[in-house]
Amino acid sequence: MQPHRPVPPPPRGTAAVPALVALATAVGSTGLAAGGTAGPLLATAMTGSAAAAGLPVAMNLAGQAGAAILISRLASQGRRGPGLAAGFAVGAAGAALVVPAGASGSFPLVLLGSVLLGAANAAVFLARYAAAAVVPPDRRGRALGRVLSATAVGAVVSPVLLGPGAVLAAHAGLVRESGAYLVAIVAFGAAALAFAALSRAGLSGGRPEGAETGGVLRALRSSRAWPAISALALTNFAMVGVMTVAPVHLSAGGDGLTAVGLVVALHVVCMFGPSAVTGALADRFGPVYLIAAGGVFLFGAGVLGAMAGEHDPVVMTLHLVLVGLGWNGGVVGGSALLGATASPGLRTHLEGIGEAAMGLAAVVAAPLAGVVSAIGGYRGLAAGLGVFAAAGLALTCTRARRRPS
């Protein structure tokens, strides 16, 4: 096995790159509601069954998992900017496919478009590592946290546009639930152009890593990368499981798309908004404590979810706030732990594996949540996910503290 090369210093002239990455990601994240919130609503409207709500989400996340590996492979070759641009472009194409598919009643084409849409999701979340790559190691938590905070701007606007988007789609003779996909076409397309421009401004600087697959597998077995990846996967499993069904549960209580969008927007604020602070906390106190806090929040969310009826908007709102805060702790902490413990020559590969693990966990969670909620109700689903996530993250923290770096 060849020794790892030392990490080259951040390229010169890249001081403004983290801020520009944050801005471009904020624009791109405006399209996130298409896959995460509008997808279940569109599936339910087209099929007439809430059990189908998780299928577009599952396809979206499958596409996200595959695209994360491909984008990270480009990053390892010194082509991080072009990889992110390509992810957003493919996502825009997927949204453009879903719109006519919904109008024609072709659910299989909706699912195909959802797979392509997942590439943009991968680009949104891998962008945090792009910012961290051009700052000193002791500031990586802050850098990725700021990008996630910026993501909140677009991600909050995205569900708020569900209502206006539905009106626009109806005026155009389209299915109302496809309005969010119209927004995604514009948002992802603009982000693709922005990252293509950033590729010429230093984002793709650095030497190719050239790590081999065997080296990645050895790193997963012998370092603290595995607990970090476990934290990312467990956290996303719990959040996606809840949010696959929550919009449908809120709608069943009589809330319109605008009201649903506002509640989801508050949830998204809690997912991304605290990231600048939690990133700094990860740098200051260590990421394991942040992961543990995420587990506590998710457990509390499970307790509230078990109390939430269809006509309890206040309890549902507080429940989704805690889900968002728990996700933030787990993802910011897990990302910081991955960056701190991954071997330098394998870092971008492990970033992709971590993102793919999040996507694959969500692929399982989304359809499972739809089926479980159809059988046992939303309360049982929320309680079970809260307990599972809290227990899993507690075990992950224990393993992270025991495993040598």
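The values are calculated or read from the model by the stated rules, or taken from the named source; none is laboratory data. Quick caveat, the model's predicted, so the values are computed rather than measured. Because the Cβ atoms are built from the backbone with ideal geometry, glycine has one as well, and the counts that use them run over all protein chains shown.
So, in the range 267-314, how many residues would count as being in a helix (DSSP H, G or I), crowded, with 17+ Cβ neighbours inside 10 Å and of a type in the set (Gly, Ala, Ser)?
Count: 12.
Sort out which residues of the range 150-201 are within 11 Å of residue 99 (Cα to Cα), among the aliphatic types (A, V, I, L, M) and in a helix (DSSP H, G or I), and write them in order of number.
Correct list: 169, 180, 182, 183, 184, 185.
Does any residue in the range 358-372 that is in contact (Cβ under 8 Å) with a residue 40 or more places away in the chain come within less than 6 Å, Cβ to Cβ, of a residue that is not in a helix (DSSP H, G or I) six or more places away or on a different chain, and which pairs are these?
So the pair list comes out as 370/53.
Hey, can you tell me all the residues within the range 54-84 that are under 19 Å from residue 24 (Cα atoms) and crowded, with 24+ Cβ neighbours inside 10 Å?
Within the range 54-84, 64, 67, 68, 71, 72, 75, 80, 81, 83, 84 qualify.
Give the residues of the range 93-125 that are surrounded by 24 or more Cβ atoms within 10 Å (Cβ to Cβ) and either at pLDDT 95 or above or among the small types (Gly, Ala, Ser) (or both), sorted by residue number.
94, 95, 102, 113, 114, 118, 119, 120, 122, 123
Is it true that some residue in the range 243-252 is under 16 Å from the mean Cα position of the chain (by Cα) and modelled with pLDDT under 90?
Yes: one or more hits.
Within the group 134, 115, which residue is over 22 Å from residue 361 (Cβ atoms) and of a type in the set (Val, Ile, Thr)?
Checking each option against the conditions leaves just 134.
Given (1) over 24 Å from residue 60 (Cα atoms); (2) among the β-branched types (Val, Ile, Thr); (3) surrounded by 20 or more Cβ atoms within 10 Å (Cβ to Cβ), identify the lone condition not met by residue 317.
(3)
Scan the range 328-354 for residues that are in a helix (DSSP H, G or I), modelled with pLDDT under 80 and not polar (S, T, N, Q) and jot them down.
Result: 339, 340, 344, 345, 346, 347, 349.
So which of 58, 122 is closer than 14 Å to residue 348 by Cβ and under 17 Å from the mean Cα position of the chain (by Cα)?
Residue meeting the stated conditions: 122.
Among (1) within 18 Å of the chain's Cα centre (by Cα); (2) closer than 18 Å to residue 196 by Cα; (3) at pLDDT below 90, which single condition is residue 88 missing?
For residue 88, the exception is condition (3).
Name the single residue that is nearest to residue 78 (Cα to Cα) among those in the range 126-148 being buried (at least 24 other Cβ atoms within 10 Å of the Cβ) and touching a Ser or Thr at 6+ places or on another chain (Cβ under 6 Å).
My answer is 127.
Output the residues belonging to the range 373-405 that are farther than 21 Å from residue 295 by Cβ, assigned to a helix (DSSP H, G or I) and touching a residue at least 60 places away in the same chain (Cβ under 8 Å).
373, 374, 378
Given the conditions (1) under 23 Å from the mean Cα position of the chain (by Cα); (2) at pLDDT below 90; (3) in a helix (DSSP H, G or I), which single one is not true for residue 221?
Against the list (1) under 23 Å from the mean Cα position of the chain (by Cα); (2) at pLDDT below 90; (3) in a helix (DSSP H, G or I), residue 221 comes up short only on (1).
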